[in-house]
Amino acid sequence: MYPSYRTITLLLFLFTVILNAQEKPNVIVVLVDDLGLGDVSYYRKLHSDNIIVETPALDALAENGTVFTNAHAPAALCAPSRYAIMTGNHCYRSDAPWGVWGSYEKSPIKENQLTLAKLMKQAGYHTAFFGKWHIGGDFLRKDDPKTIYRGPRNKPELDVDIRKIVGGGPRYHGFDYALSFQAGIQDVPYAIYENSIFKPIAKNSKITFITQAKMDKIGVKLDKAEGLGDSHWNPTHMGRLLIYTAKNYIEENANKDKPFFMYYSALAVHLPHTPTDELNGMKIAGTTPSKHLDLVKELDVQIQMLINTLKEQGIYDDTIIMLTSDNGGLLRKNTLKSGHQPSDIYRGGKNQAYEGGNRVPFIISWNNHLKHQLNGSPVLGLDIMATLADLTQIDLPDDQALDSSSFLPMLKNETEVLNRTIYSQSGTRKEVMLIKDNFKLIMQVDKTDLSNNTQLPIALFDLKNNPTETEEGNLILNKEYQSKIKELSTLYHTTRKSGRPTASRFLNN
């Protein structure tokens, strides 16, 4: 049997890459926290001239690469999405399909499970993690140092030895280096970890109880519970610390024998909204209509700093940058009052089953290798795994990355829009969403059966004719569409039973 035209095209592309780059490219995956489609001015300009906050660095990245306009997060909430992106598996395949994992809860990633870092190590990369982990972890008990701490999240957890992560963190899942925040800046422990070890913020830092009263003194409103942390904790400074550490890593690893894989898990733009006063010579705090949008600006400056560092080291052309968000944007009062639309034209935002909850920016840039294009193919954040496997020519085992599909062929095909089923889930309301041929079915999962096996169809939208999902356009009770509801409900169960998609399944399912 002769190889298909698509296979030949892909092989030629890979061959060209090897000839041009003469070595494997560096890879930076940027996962932003709570960045909506409309938060990136490039995306917003596709539908509106009313731009409240410009994002010049993100826009330049988009103008220099592939911009996916039909990209989705695996979930409308951060922790489940992070598991899915890291493993290439839908959220429902974990032991806790709805997340959200606290820092002291067992990681849903199994020891024998492939992660992005493990994949890239197989391909010969040095791997590094920077930022928010939020996929659980192990700490010892204070009163019994031989026992892993597990406890309730409904009260302050004090019997935890937070000096060291002893399992479940980035270093235990394939990363050679890690500067990590177990729950970003939003939750306990309020501390920084370098290679799993507590990293003091100041010379006289000590582990203490971080209270709201303590945070009031520096003008910070805790997003989650009080708890243990560094006595010098101030989330205002964490974004600055993160980006400068990442810059140093690039400078130290540029032009080495091994290419590097950096997973830059930004702390922005999640609550608490504590923008820095200044970054890279640019004023940040107080320069936009809300602290939320100040953080969008701070994120944009961070991206520019990453790009500048790559250029200064002469490796910009040798580095692929993939940027997306863990879920849709935040619907904050002051932000919306300004006229800014975090979800662009779409309904809803983070945590919701509507498109605003999980339709996200997704940009792939590789200077002088990829042409600029807008691509409407349906893709998911968890497709990064199969794409990197394709790029590095690593065969994914049949029992790993079960739901990840490579979009590498699309990066060179500027016209084709592929047909693919999108499966995702909301957040705390426990809904699942299935999109096929522009029809979107929302199903309510029985909250007493969180395995997702029992569900009730509650909404059907024709996204082609009703992209904003207006209630008048809800077809769930329309007799003409009952067969479509049945078809998608059946597909829901079929999708959940299926294994890892092959290239042909990605193109035709």
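Structure data summary
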| item | result |
| --- | --- |
| Stretchable slack from K311 to E63, in nm (0.36 nm times residue separation minus alpha-carbon distance) | 87.6 nm |
| Value of relative contact order over region 300-437, rounded to a whole percent, pairs C-alpha under 8 Å and six or more apart | 21 |
| Dimensionless Rg ratio for region 113-184, taking C-alpha atoms and the 2.2 N^0.38 Å reference | 1.26 |
| Two-decimal Rg to Rh for the chain - Kirkwood Rh, Cα set | 0.95 |
| Residues whose placed amide H lies under 5 Å from that of Q373, excluding near-sequence neighbours | G65, T66, V67 |
| Förster-model FRET efficiency, 35 Å R0, L336 and I148, C-beta, rounded to 0.05 | 0.25 |
| Å³ per residue enclosed by the Cα convex hull of region 348-396 | 110 |
| Check: region 107-170 dipole with +1 on Lys, Arg Cβ and -1 on Asp, Glu Cβ, in debye | 120 |
| Cα-based radius of gyration of region 64-112 once divided by 2.2 N^0.38 Å, which approximates compact folds | 1.32 |
| Per residue Cα convex hull volume in Å³ - calculated over region 205-249 | 87 |
| Relative contact order %, region 111-227, counting alpha carbon pairs below 8 Å whose residues are six or more apart | 25 |
| Solvent-accessible heavy-atom area per residue, rounded to whole Å², over the chain at 1.4 Å | 40 |
| Gyration tensor (alpha-carbon) shape descriptor, region 298-414, a/c threshold 1.5 | oblate |
| Stretchable slack from N466 to L374, in nm (0.36 nm times residue separation minus alpha-carbon distance) | 31.0 nm |
| Highest average packing first - 125-133, 207-215, Cβ atoms within 10 Å | 125-133, 207-215 |
| Protein accessible area in the chain, 1.4 Å probe - carbon and sulfur % | 51 |
| 3J(HN,Hα) from dihedral phi, region 151-167, Karplus parametrisation 6.51/-1.76/1.60, rounded to Hz, x for glycine, proline | x, x, 9, 9, 8, x, 9, 10, 8, 10, 8, 8, 6, 8, 7, 9, x |
| The chain: antiparallel DSSP beta bridges as a percent of all, rounded to 5 | 55 |
| Simple label model, 7 Å out from Cα along Cβ direction - Q212 to K479, nm | 5.5 |
| Calculated P(r) tail over 28 Å for region 137-288, as whole % of Cα pairs | 24 |
| Over region 241-298, equivalent-ellipsoid semi-axes from the Cα gyration tensor in Å | 29, 12, 7 |
| Shape of region 90-143, Cα gyration tensor, a/c cut at 1.5 | oblate |
| Separation of alpha-carbon centers, region 208-246 and region 276-291, rounded to whole Å | 18 |
| Magnitude of the charge dipole, the chain, Cβ model with Lys/Arg +1 and Asp/Glu -1, debye to 20 | 840 |
| Reach of K430 by Cα under 14 Å, taken over aspartates and glutamates that are not fewer than 8 positions away in the same chain | D446, D449 |
| At least 15 Å along the helix axis (C-alpha) and Kyte average at least -1.0, DSSP helices within the chain | 5-21, 238-253, 291-312 |
| Positive-end residue, region 217-325 charge dipole about Cα centroid, Cβ charges, pick of N234, A254, G219 | G219 |
| Estimated [θ] at 222 nm from DSSP helical runs (n ≥ 4, -39500 (n - 2.57)) normalised by residues in the chain, nearest 500 | -7500 deg cm²/dmol |
| Region 57-204: C-alpha pair distances exceeding 26 Å, % | 31 |
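The values are calculated or read from the model by the stated rules, or taken from the named source; none is laboratory data. These numbers come from a predicted model, not from an experiment. Here Cβ is always computed from backbone atoms with ideal geometry, including for glycine, and neighbour counts include all displayed protein chains. To get the accessible areas, we keep the full protein, side chains included, count just its heavy atoms, and leave off ligands, DNA and RNA. Shrake-Rupley method; radii C 1.70, N 1.55, O 1.52, S 1.80 Å.
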